[in-house]
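The values are calculated or read from the model by the stated rules, or taken from the named source; none is laboratory data. All of these numbers come straight from a predicted model, not from anything done at the bench. Neighbour counts are summed over all protein chains in view; Cβ atoms, including those assigned to glycine, are modelled from backbone coordinates with ideal geometry. SASA here: full protein model, heavy atoms, side chains in, ligands and nucleic acids out. Shrake-Rupley method; radii C 1.70, N 1.55, O 1.52, S 1.80 Å.
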Amino acid sequence: MEKSMIVVAVLVSAVITFGLRALPFALFGHGKAMPPKMIYLGRILPSAIMAVLVVYCLKDVICNFSEFGIAEIIASAVVILSYKWRHNTLLSITLGTVCNMILLRII
């Protein structure tokens, strides 16, 4: 692929990403009230997305627990316990990732 095509692809991706991020501010800025459905989605979607990510990450563990899964289960427990302890999402994700990487090397 030519360098010019790579630059064009990156620029197009950047413009689309910026546009999608700016769209809610353009639509609901200037003191306009958000529709009730948008408020509901803003409240529900973060939990739903996290649930989907947990299911996706642990889907292979449940099917084949004898070979895999111990590191993932322990790392998941570290994330849950650290979040309950400190209520800090970044800390919990970092500790869980580090724990998982260490356990994958050990086990």
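Between Thr97 and Ala48, the FRET efficiency estimated from the beta carbon spacing at R0 = 22 angstrom works out to 0.50.
Given a 1.4 angstrom probe, I'd like the percentage of the accessible area of the chain that is carbon and sulfur, rounded to a whole number. Walk me through the numbers before you get to the answer.
Details: 6940 of 9240 Å².
Using a 1.4 Å probe with all protein chains present, the chain comes out at 75 percent carbon and sulfur.
Over all other residues within a Cβ to Cβ distance under 15 Å of Val78, the charged ones net out to +1, with Lys and Arg as +1 and Asp and Glu as -1. Per residue, the chain exposes 86 Å² of solvent-accessible protein surface, assessed with a 1.4 angstrom probe and all protein chains in place. Along each principal axis, taking the top coordinate minus the bottom one, the Cα set of the chain gives 52, 47, 27 Å in descending order. Calculate the length of the line joining the C-alpha centroid of segment 76-107 to that of segment 1-56, in whole Å. Here the two parts' Cα centres lie 27 Å apart.
Counting only lysines at least 8 places from Lys3 when in the same chain, there are none with an alpha carbon closer than 22 Å to its own.
Helix-only mean residue ellipticity at 222 nm, the chain, DSSP H runs n ≥ 4 weighted -39,500 (n - 2.57), per residue, nearest 500. What is it?
Working: 4 runs with 89 residues, N = 107.
Computed ellipticity for the chain at 222 nm equals -29000 deg cm²/dmol.
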